[in-house]
Amino acid sequence: MELPGYVRRYLERRGISRLFPPQREAVEAGLLEGENVLVASPTASGKTLIAEMRIVRDLVEGDAERIVYVVPYRALAREKSEDVREAVAFASEEGGPEGARVTVATGDVREPLRGLPVGVTVTTAEKLDASLRHDPTLASKVDTIVLDEVHLVGDPSRGPTYESLVAAVKASGDPGVLALSATVGNPGELAEWLDARAVVSDWRPVELKGRVHVARSGSPSDRASVALELARENLRRGEGTLVFVYSRRRVEEEALELARSLREGFGSRELAREVLEVSRDETARRLAEAVAKGVGFHHAGLHPEHRALVEDAFREGEIGVVFATPTLAAGVNLPARHVIIQDFGVRIGGEFKPDRNEFQQMAGRAGRPGFDDVGFVHVVASPGSEDVAWDFLHSPPAPVRSALTSGPALRRMLLGFVATGVAGSVGDLEGIFEETLARSSGGLGSDALEGSLNVLEGWGMLERYGSTVSATRLGKVVAWTYVTPDTGHFLRLFLERTGGDPEAVVTGVAFSPDFTAPRIEGNPRSGGQTTLDGFMSGGGVSGSVDLPVEEALEVAFEGFGVEFDAFEVEKREAWASLLLEWIEGRDLDDLVRSYGTFPGDVLAATRDAAWLAWAASRIGSVVGVDVDPWLPERLEHGVPEHLVPLTRVRGVGRKLAERLYREGYERPEDLASASPSELARVEGIGEKRAREIIESAKELVG
């Protein structure tokens, strides 16, 4: 195959002598000629190298100086940045733009991108979309956009952001587009939407073999028995295994059951020690016990550092089996020789699980390129469902459909375009919506557009004069803070009713549409009474705090016609109480134990709450309600007001801030003027860390 000389040299540097079939087909489709290309091929078939070749080509040829690589999850951003770093460096050597570099931009939407540097910016769709609310001209500066896992456009929660982002970038210019996915059942339709050429391949570097195992019954215990025996046998042979289970609790329990059945010598006591250094809550102790025997577990409720430890240990072979929820397959590149799909055909919320695309994601983790010649997918089926399991093993992915059909997502997109000045008329909005998958596939009509505009006008966020449309001050603030208009409207009504004291704002945050309130599990030590029941009967530490829950319920009903059921009310009130304890500095492990939740859920909730409280403060400024300005940072760091200034210093977390304050370091200025030897005397700070903290404090105070 004829390749540009610089591409051949890049491949030689990477030690690649021949391209995989999907890579060759992408080149034939015009990848190296600047054509838009959509590649639909299995996991591990070489899609990242396709992106690298496009990056090298665009930078060397001068067609693109600013490339945005959109990944679905923060955890993948660092990994992808390392993947493309060599491509950017090589392009610079070959005459590409001076100063080109790889930038990782993830994290808080309160900190938007300040321009796009030359080179590649690896970011999430949410981060880039939020940044466009602050600087809509960023869209016109994108020369090429790489959309990783583009099938997520069909995800109900994240898909509308992907779709809005693509529409914004396409409406602002004519960027190059490279879209990648392993699970697209209708690649032609997506390619038409993206004005791209479709490359479709079922080639994989590792052969995949499917096996169906029929459990004695469809009960969770019978399914688990089959999966445990398979995992135990694989572990004895030294072959890595991922076991996918939908329940977090069963993920942990089955991992422990397997670990306790194994003899000594399989695992790592050093890894167990590292787990307990992060935290010592019940989940951490369970994980430490499991990894000591060579077994791990992984779910979104784990502390982020625990998830990273499990992932790294599995890659390095320190643990041989990982029990995980399906989120692992979607968000982490973690292949294994064996994949066991234990919960095939279960009903969750009335839906059959896994769906075809979830199944493909999990099955795609089987087989490690460069290590295995074959990967095994084991499906545990109930009696009578064997044929369905075999059908899933041999069927293509399901079609991807636009998720930009729900009211909140559509209203958020509309308000964003109007508030930033990208659209000033209904005609402008119609033009932008022509760039959406929903419109191109016939799923979004003008009546939906008109209905959403009417709602936004009724909420006081938009004004219309004939065909002209503009955002009010409230509408601009709501768009700028990146909350949905539904949450903006809720917070406005709630603040006007309750005022802006911390108890009120935190309650409003916990009941707002954009706050995800994870389930609070029962406490096995409470004699059958759930932790939530105990809290609601006055057992919680904050049970004496009078939260304005009735006001939240009234706003939800009067403003939206929504009535929460009793369990949802109790759950959200419990989260409000937990968040109020968090900002008073209560220990994370204590909160996890008291509320029967998971550390990962607490940290995710505090991150979301900090963002929503920040939005509430901005909305409050529009409607004349003062919100405690310290509250967003207190929620972010989990500290009382007097410790907030210290947590602004890079490297100072909530526990260290408390120790520093006790030693007399009350402000960043105190740290900036300290000597390394003095600061190193504070518990937990060595001289190296002391110097880093002092330097950070000096940068902060100027």
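Values for this structure:
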read-out	value
Residues located in the stretch 368-405, provided they are over 30 Å from residue 161 (Cα atoms) and among the charged types (D, E, K, R)	368, 372, 373, 386, 387, 391
Hey, residue 149 closer than 30 Å to residue 396 by Cα, open to solvent by 40 Å² or more (accessible area, probe 1.4 Å) and touching a residue at least 40 places away in the same chain (Cβ under 8 Å) or not	no
Single condition residue 287 does not satisfy, out of (1) outside any loop (DSSP other than H, G, I, E, B); (2) at pLDDT below 95; (3) farther than 24 Å from residue 352 by Cα	(2)
Set 237, 248: member being open to solvent by less than 70 Å² (accessible area, probe 1.4 Å) and charged (D, E, K, R)	248
Only one of 294, 320, 301, 331 that is under 15 Å from residue 253 (Cβ atoms) and in contact (Cβ under 8 Å) with a residue 24 or more places away in the chain	301
Counted residues, the stretch 296-325 - those being within 11 Å of residue 243 (Cα to Cα) and either out of contact with any helix residue (DSSP H, G or I) (no Cβ under 9 Å at 6 or more places or on another chain) or hydrophobic (A, V, I, L, M, F, W, C) (or both)	5
From the options 266, 344, 297, residue that is among the aromatic types (Phe, Trp, Tyr) and surrounded by fewer than 24 Cβ atoms within 10 Å (Cβ to Cβ)	266
Residue within the stretch 407-422 that is of a type outside the set (Ser, Thr, Tyr) and over 25 Å from residue 481 (Cβ atoms) present	no
Complete set of residues in the stretch 9-21 that are surrounded by fewer than 24 Cβ atoms within 10 Å (Cβ to Cβ) and not polar (S, T, N, Q)	9, 11, 12, 13, 14, 15, 16, 18, 19, 20, 21
Test set (1) under 29 Å from residue 260 (Cα atoms); (2) touching a strand residue (DSSP E or B) at 6+ places or on another chain (Cβ under 9 Å) - residue 373 fails condition number	(1)
Answer residue from the stretch 555-586, given it is acidic (Asp, Glu) and under 25 Å from residue 603 (Cβ atoms) and is surrounded by the most Cβ atoms within 10 Å (Cβ to Cβ) among those	573
Residue satisfying condition, being over 23 Å from residue 22 (Cα atoms), of a type outside the set (Gly, Ala, Ser) and modelled with pLDDT of 95 or more, within set 54, 66	66
Number of positions in the stretch 334-351 that are free of Cβ contacts under 8 Å to residues at least 60 places away in the same chain and not in a loop (DSSP other than H, G, I, E, B)	2
Selection from the stretch 158-194 of residues that are among the small types (Gly, Ala, Ser) and touching a residue at least 40 places away in the same chain (Cβ under 8 Å)	159, 164, 167, 168, 171, 172, 176, 179, 181, 182, 185, 191
Selection from the stretch 310-328 of residues that are more than 21 Å from residue 378 (Cα to Cα) and buried (at least 24 other Cβ atoms within 10 Å of the Cβ)	310
Odd one out for residue 259, checked against (1) buried (at least 20 other Cβ atoms within 10 Å of the Cβ); (2) hydrophobic (A, V, I, L, M, F, W, C); (3) within 21 Å of residue 329 (Cα to Cα)	(3)
Residue that is least open to solvent (accessible area, probe 1.4 Å) [pool: residues in the stretch 458-480 that are touching a Ser or Thr at 6+ places or on another chain (Cβ under 9 Å) and over 20 Å from residue 616 (Cα atoms)]	469
Selection count where residues are of a type in the set (Asp, Glu) and in a helix (DSSP H, G or I), scope the stretch 585-631	4
Failed condition for residue 622, given (1) of a type in the set (Val, Ile, Thr); (2) in contact (Cβ under 8 Å) with a residue 24 or more places away in the chain; (3) more than 30 Å from residue 572 (Cα to Cα)	(3)
Residue check for residue 215: under 20 Å from residue 393 (Cα atoms) and buried (at least 19 other Cβ atoms within 10 Å of the Cβ)	yes
Residues of the stretch 655-677 that turn out to be open to solvent by 40 Å² or more (accessible area, probe 1.4 Å), over 12 Å from residue 701 (Cβ atoms) and in contact with a helix residue (DSSP H, G or I) (Cβ under 8 Å, 6 or more places away or on another chain), as a count	6
Exclusive hit being modelled with pLDDT of 90 or more, in contact with a helix residue (DSSP H, G or I) (Cβ under 7 Å, 6 or more places away or on another chain), among the aliphatic types (A, V, I, L, M) and open to solvent by less than 20 Å² (accessible area, probe 1.4 Å), set 142, 177, 169	142
Residue satisfying all of: in the stretch 632-663; touching a residue at least 40 places away in the same chain (Cβ under 8 Å) and assigned to a loop (DSSP other than H, G, I, E, B); farthest from the chain's Cα centre (by Cα) among these	640
Pairs, first at negative phi in the stretch 241-252, second open to solvent by less than 10 Å² (accessible area, probe 1.4 Å) and of a type in the set (Asp, Glu), C-beta under 6 Å, six or more apart	245/343; 246/343
Condition check for residue 251: within 30 Å of residue 37 (Cα to Cα), at pLDDT 95 or above and under 25 Å from the mean Cα position of the chain (by Cα)	no
Subset tally (residues that are surrounded by fewer than 16 Cβ atoms within 10 Å (Cβ to Cβ), among the charged types (D, E, K, R), closer than 17 Å to residue 650 by Cβ and in contact (Cβ under 8 Å) with a residue 12 or more places away in the chain) for the stretch 678-690	0
Test result for residue 66, open to solvent by 20 Å² or more (accessible area, probe 1.4 Å) and either touching a residue at least 40 places away in the same chain (Cβ under 8 Å) or over 21 Å from residue 48 (Cβ atoms) (or both)	yes
Residues of the stretch 112-139 satisfying the condition of being surrounded by fewer than 19 Cβ atoms within 10 Å (Cβ to Cβ) and more than 24 Å from residue 475 (Cβ to Cβ)	115, 117
Candidates 502, 513 - the one that is over 19 Å from residue 160 (Cβ atoms) and open to solvent by 10 Å² or more (accessible area, probe 1.4 Å)	502
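The values are calculated or read from the model by the stated rules, or taken from the named source; none is laboratory data. A quick note: this is a predicted structure, and the numbers were derived from the prediction, not measured. Glycine also receives a Cβ, built like all others from the backbone with ideal geometry; neighbour counts cover every protein chain displayed. Keep in mind that these areas ignore ligands, DNA and RNA; they rest on the heavy atoms of the full protein, side chains included. Shrake-Rupley method; radii C 1.70, N 1.55, O 1.52, S 1.80 Å.
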